[in-house]
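All remarks here apply to the structure that follows.
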Amino acid sequence: MKQHLLHGIGVTEGVAIGTAVCVSNHIGDILQIPLAEDEVEKEIRRFGQAVEQTRSDIQGLRNRVETEISEEIARIFDAQCLFLNDPSFLSSVEDHIRDERVNAEWALKETMTEIQQRFDLIDSQHLRERSEDLRYACRYVVRHLRGLDLHHLSEVANDVVIVADDLSPSDAVRLGRENAAGFVIEHGSRTSHTTIIARSLNIPAVLGVHGAQALLTDQSEIRVVVDGSRGVVVVAPSEETLDGYREQKVALRQREKELQVESQLPVLSRDGVAVQVMANIDLPEEIEEAQRFDAAGIGLYRSEFLYIEKSPELPSEEEHLALYRQIVERMAPNPAIIRTYDLGGRKIAREVMETQGENPALGLRGIRLTMARQNIFKSQVRALLRATVFGDLWIMLPLVTILEEVHAFRAFAEEMMAELEAEGHAFRRDFRLGIMIEVPAAAMISDLLAKEVDFFSIGTNDLIQYALAVDRNNEHVANLYRPLHPGLLRLLRQVVASARAEGIEVSLCGEMAADPALTPILLGCGLRRLSVNPRQVPVIKHRIRSLTVGRLAEVVDVCCQLGTQAEIDAYLRQALEEEQETAVGPEGPSPG
Ligand code: PEP
Ligand code: MG
């Protein structure tokens, strides 16, 4: 076979080189086998035993994951056990066996289809993922019913790349622990549990690679490269390509080591300006990476993940509290900024299903939704307040557009504090309250908002989409999604100036902050606090150390006056080259 490329979505950075091993999760056709009346009870017992074996396998995996990876990841397996422990699920299968006098596999398939149909009626990514848990659990049971072996790699050499149509979280853990070097998966999404596991095991993975199995199944000993950073799989790489990737792997490892060592140093620009680089996290297990790269705190914790994880149940106050306490304590003495639920819009919340409206991004979203549904908000706010005693917790509200939203939240928090006081719970009344600036009108009244809150965090992912009228997920207008649009730069400067005038903190936590090419612009806008995904923390710190901040405000001044993207690009190229040339020595001048 000649070298060729397959494209997909890269979900874990890094490169894996190995021999492709195809793993199929299709359990093949399930046949309907009629039973004699006296076989029915035996069949129900056979089903019960297979469920018991599955439960014990999954529990075993869960325990292993808990000790080897983390409690959060281990909880993924609880979702599968949920079905296996659910009496109505089990009795439905038994009823099918009994009423239709059919084999357990068929009865299980029938029950699974019925539940699946109910899931399909609801347009929710989260529920689709719950239905994946159901499918994985059922497949597991069928494997036991058929006495089939699980996929094992023990007898295969180390450098194996798993090529799967669909990989369950349990298979991902087991195969990952058995030294699979990389994953190529035909299905799956960025937020699926399998993705989360691949990331936390640091296994390069590319998803959405349609046709990978068909191409590789009958090939023996075929080499593949999984390039998780670019979302590419190279099949049958030439020696030259392999050499390139081998070098890249060595360089990546080396670079990571250097960055990690370097990230412990103070973050000062060449001209001695201190900048804080914080971490954005969606999952608590990312805290470890934030700590490893010495992030100056958590600049954004997107709390909606907890909601999405627990759905259809609401997280309890104690669950919120345990999580916030963990984040705050582990980051102490640095601050942890916890954002209240930003649900609605593209972030699913079943509470708004019927009320999404024609244009969800302009609808009931963020603070608008939580203030309108205080029943889901109450336990979160109470837990946030209670968690203030465990470290430096800052509370942040998403999508604030009008002053009244801040007033309404303060009044709501007062009510919650009165309740907590009456119940004898400890909390800090002087917690810091801040808002995301991600709506253009909020940026324009940032002078007024700055009088009402303790900090701003600029969410450019949304600010760009609202200011430029460009849906951040619409490929047809992707060329108009321009972080360097002078209109946006003017807004950024305005927000920073408002914060400075009132002496409040301001940071930027949109994806823009994670792009080292844009760091000079952000510093030129006056920002001194950036928050980026944990893996980018050392990269951005490194970039800051290479810059002379003194001149950058002028550079942004000029950009704000330039009309076209081409002019901005050309000017920046020249200005930043000059900036690097005039920088004095690797350490720069002494701050004094
Ligand atoms: C943003 O809008 O820039 C942001 C950080 O929030 P999210 O990406 O969660 O919408
Ligand atoms: Mg946002």
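The values are calculated or read from the model by the stated rules, or taken from the named source; none is laboratory data. Quantities reported herein were computed from a predicted structural model and do not represent experimental measurements. Because the Cβ atoms are built from the backbone with ideal geometry, glycine has one as well, and the counts that use them run over all protein chains shown.
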- request: Kindly indicate whether residue 488 is at pLDDT 95 or above, in contact with a Cys (Cβ under 7 Å, 6 or more places away or on another chain) and either not in a helix (DSSP H, G or I) or not acidic (Asp, Glu) (or both).
  value: no
statement: Note: among 387, 413, just one is modelled with pLDDT of 90 or more, surrounded by 23 or more Cβ atoms within 10 Å (Cβ to Cβ) and either hydrophobic (A, V, I, L, M, F, W, C) or more than 16 Å from ligand 2 (Cβ to nearest atom) (or both), namely 387
task: Name the residue, out of 376, 338, 348, 327, that is modelled with pLDDT under 95, assigned by TED's automatic domain parsing to the domain that holds residue 436 and either under 19 Å from residue 406 (Cβ atoms) or away from ligand 1 (no atom under 16 Å from the Cβ) (or both).
output: 376
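Conditions (1) part of a loop (DSSP other than H, G, I, E, B); (2) within 22 Å of residue 540 (Cα to Cα); (3) within 14 Å of ligand 2 (Cβ to nearest atom), marked per residue:
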| site | (1), (2), (3) |
| --- | --- |
| 430 | yes, no, no |
| 453 | yes, no, no |
| 461 | no, yes, yes |
| 472 | yes, no, yes |
| 476 | no, no, no |
| 479 | no, no, no |
| 496 | no, yes, no |
| 513 | no, yes, yes |
- prompt: Mind checking which residues of segment 398-410 are within 16 Å of ligand 2 (Cβ to nearest atom) and crowded, with 22+ Cβ neighbours inside 10 Å?
  reply: 398, 399, 400
task: Answer yes or no: is there a residue in segment 265-279 that is at pLDDT below 90 and at negative phi.
output: no
- request: Taking residue 409 as meeting all but one of (1) in contact with a Gly (Cβ under 9 Å, 6 or more places away or on another chain); (2) farther than 23 Å from residue 526 by Cβ, write down the number of the exception.
  value: (1)
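From the list 435, 464, which residue is in the same structural domain as residue 390 (by TED's automatic domain parsing), in contact with a strand residue (DSSP E or B) (Cβ under 6 Å, 6 or more places away or on another chain) and surrounded by 15 or more Cβ atoms within 10 Å (Cβ to Cβ)?
435
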query: Could we say that residue 423 is away from ligand 2 (no atom under 16 Å from the Cβ) and touching a helix residue (DSSP H, G or I) at 6+ places or on another chain (Cβ under 8 Å) here?
result: no
- request: Return only the number of the condition from (1) under 30 Å from residue 252 (Cα atoms); (2) under 30 Å from the mean Cα position of the chain (by Cα) that residue 548 does not satisfy.
  value: (2)
Hey, residue 443 buried (at least 18 other Cβ atoms within 10 Å of the Cβ) and within 16 Å of ligand 2 (Cβ to nearest atom) or not: yes
